[in-house]
Amino acid sequence: MDLTSLRSHNDRTVLRLVRSGALSRASIADETGLTPQAVSKIVARLIAAGLVEETGAVRDGGRGKPRMSLQLRADGGFAYGAYVDRDELRVVKLDLTGEVVSASVVPLAPMFTPSDVLEALESLVEPGVLGLGIGIAGPLDFRDGVVSPNGLPGWSEVPLRKLAEERLGLPVVVDKDTNAAVLAEAWRRPLEDAAVVFVGTGLGVGLLLGGEVHRGARSGAGEFGHTTIQLDGPLCVCGRRGCVEAVHAAATGVEAARVLAAAVTNLVQLLDLDQIVLSGRKVLQSPELYLRAMPDVDVSVTSYGPDLVPIGAGLLVLGELF
Ligand SMILES: [Zn+2]
């Protein structure tokens, strides 16, 4: 099965509805305004492609033929998601419903190269899946998958998507780690105007504005860690001084949380956000410290744990289906 078996916008609409809960053909026709005949054809195609299955008969309201309820086939397709962090590579395998089937993490040596990452990916990613999503620090270009990540010395204008596609023989999509993070959060619950603040080896945000991931004109949105918070402050990996990331890294404990809270308050003011999700290993080490310091909006800590970015990267691939 490959993505080309999904022929139309209508196929995706039906698949999205089935994902949202077990449904009959008749209720899909009601929801979409498609004719029952069209729905039957689409469902037949999705079943033939192995994406959807019938779960049994439901009799809604007395007489008439019982209706077959439909659901996603969890094993109808798999996708991998990877997170290239500054010191480790995390990889997850997701089933069609977005659930994690397996997860692994391997350390990356200091000054690791793109071929080190490709070699590690090759050992962890099995063929025959829908594709691989890779989350990595920006800057990068989402459209062509060329990356020049901050904090990875020697990585400049690396055509990561092309290299990975050649090496693995799979469709590959590359996005910022923070965009993968916000996609994962939005997969589990409705979010409209939200930021996922990611505090790991680097610091950034994934933005969801009006319910859509906001990448900006050149995929550069969300370089929140490299906005200046202290003129003439400490030197940052990006080459400038006093960035949020550098000031936060130079502080510890409550002071670090206060630095982050000041920056997040600016962000909330600028974009009128109503939900903030905190994530990344620094936050997961002491969530209460960070939660207490945050401004007065709906703030929570991610429920995904350390695999937030690789899961979101895998969802980039699955998202093509819906
Ligand atoms: Zn910086």
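The values are calculated or read from the model by the stated rules, or taken from the named source; none is laboratory data. Computed from a predicted model, the values in this text were never measured in an experiment. With ideal geometry, Cβ positions are generated from the backbone for all residues, glycine too; neighbour counts draw on all protein chains shown.
Before moving on, here are some points about what is shown:
- Options 260, 278; residue that is more than 16 Å from the ligand (Cβ to nearest atom) and over 20 Å from residue 87 (Cα atoms): 278
- Criterion applied to 291, 278 was being modelled with pLDDT of 95 or more, farther than 25 Å from residue 136 by Cα and not β-branched (Val, Ile, Thr), and the one residue passing it is 291.
- Each residue in the stretch 196-208 was checked for being of a type in the set (A, V, I, L, M), in contact with a Ser or Thr (Cβ under 9 Å, 6 or more places away or on another chain) and crowded, with 24+ Cβ neighbours inside 10 Å, and 4 of them qualify.
- Residues in the stretch 92-114 that are loosely packed, with under 13 Cβ neighbours inside 10 Å and of a type in the set (Ser, Thr, Tyr): 102 only.
- Residue check: residue 200 meets all listed conditions (1) of a type outside the set (A, V, I, L, M, F, W, C); (2) within 21 Å of residue 322 (Cβ to Cβ); (3) not assigned by TED's automatic domain parsing to the domain that holds residue 122 but one, namely (2).
- Residue check: residue 213 meets all listed conditions (1) within 16 Å of the ligand (Cβ to nearest atom); (2) within 28 Å of residue 124 (Cβ to Cβ); (3) of a type outside the set (Asp, Glu) but one, namely (1).
- Residue 268 meets the conditions (1) surrounded by 15 or more Cβ atoms within 10 Å (Cβ to Cβ); (2) within 13 Å of the ligand (Cβ to nearest atom); (3) of a type in the set (A, V, I, L, M) in every case but one. The failed one is (2).
- Residue check for residue 187: of a type in the set (Phe, Trp, Tyr) and either farther than 29 Å from residue 270 by Cα or not assigned by TED's automatic domain parsing to the domain that holds residue 300 (or both): no
- Of the criteria (1) surrounded by 21 or more Cβ atoms within 10 Å (Cβ to Cβ); (2) farther than 16 Å from residue 196 by Cβ; (3) outside the structural domain of residue 128 (by TED's automatic domain parsing), which one residue 273 fails: (2)
- If you go through the stretch 187-209 and keep only what is modelled with pLDDT of 95 or more, within 13 Å of residue 312 (Cα to Cα) and out of contact with any strand residue (DSSP E or B) (no Cβ under 6 Å at 6 or more places or on another chain), you end up with nothing.
- Evaluating residue 232 against the criteria (1) surrounded by fewer than 18 Cβ atoms within 10 Å (Cβ to Cβ); (2) under 26 Å from the mean Cα position of the chain (by Cα); (3) within 16 Å of the ligand (Cβ to nearest atom); (4) of a type in the set (Asp, Glu) leaves one unmet condition, (2).
- Residues in the stretch 245-254 that are more than 8 Å from the ligand (Cβ to nearest atom) and either surrounded by 13 or more Cβ atoms within 10 Å (Cβ to Cβ) or in contact (Cβ under 8 Å) with a residue 12 or more places away in the chain (or both): 247, 248, 249, 250, 251, 253, 254.
- Checking residue 120 against (1) buried (at least 16 other Cβ atoms within 10 Å of the Cβ); (2) in contact with a helix residue (DSSP H, G or I) (Cβ under 9 Å, 6 or more places away or on another chain); (3) of a type in the set (A, V, I, L, M), the condition it does not meet: (2)
- Boolean, residue 50 is at pLDDT 90 or above and either in a helix (DSSP H, G or I) or surrounded by fewer than 18 Cβ atoms within 10 Å (Cβ to Cβ) (or both): yes
- Subset of the stretch 72-129 (residues that are closer than 20 Å to residue 171 by Cβ, in a helix (DSSP H, G or I) and hydrophobic (A, V, I, L, M, F, W, C)): 117, 118, 120, 121, 124
- Selection count, the stretch 53-65, where residues are within 11 Å of residue 26 (Cβ to Cβ) and either at pLDDT 90 or above or surrounded by 11 or more Cβ atoms within 10 Å (Cβ to Cβ) (or both): 2
- Taking each residue of the stretch 214-225 that is at positive phi and looking for partners that are part of a loop (DSSP other than H, G, I, E, B) with beta-carbon atoms closer than 7 Å, six or more apart or interchain, yields 219/142.
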